Amino acid sequence: MKKLVFPFFMSLYMAFFMTFVITWINTGLGSGFIGRWAIAFIIAWPIAAVLVLIGGHRVRAFSERLSQKL
């Protein structure tokens, strides 16, 4: 269970802000924005969660190796 907490919150955080900003840039903050953003978020969050669960440890290991070389 402990290993699922970070991916859960990381994917929630990233999907929330990325879909908000991209929807805002593409469609503006006009009428219906919340609905369009919510649909994008509902689609993006599960995808982000799966990607973090599958590849998060690899990205973390890569970033650690890279930071040691800098």
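The values are calculated or read from the model by the stated rules, or taken from the named source; none is laboratory data. All figures in this text were calculated on a predicted structure; none of them were measured in a lab. Note: ideal-geometry Cβ built from the backbone for every residue, glycine included; neighbour counts use all protein chains shown.
Taking (1) without any contact (Cβ under 8 Å) to a residue 40 or more places away in the chain; (2) in contact with a helix residue (DSSP H, G or I) (Cβ under 7 Å, 6 or more places away or on another chain); (3) small (Gly, Ala, Ser) in turn, Gly56 satisfies each apart from (1).
The residues of segment 1-37 that are more than 21 Å from Ala49 (Cα to Cα) and of a type in the set (Ser, Thr, Tyr), listed by number, are Thr27, Ser31. Among residues of segment 26-45 that are among the small types (Gly, Ala, Ser), those with a Cβ under 6 angstrom from a residue that is assigned to a helix (DSSP H, G or I) and surrounded by 10 or more Cβ atoms within 10 Å (Cβ to Cβ), sequence gap 6+ or separate chain, pair up as Ala40/Thr19; Ala40/Thr23; Ala44/Ala15; Ala44/Thr19. Here Ser31 clears all of (1) more than 28 Å from Arg60 (Cα to Cα); (2) among the small types (Gly, Ala, Ser); (3) part of a helix (DSSP H, G or I) except the condition numbered (3).
From the list Phe8, Phe20, the lone residue that is on the phi < 0 side of the Ramachandran plot and at pLDDT 95 or above is Phe20.
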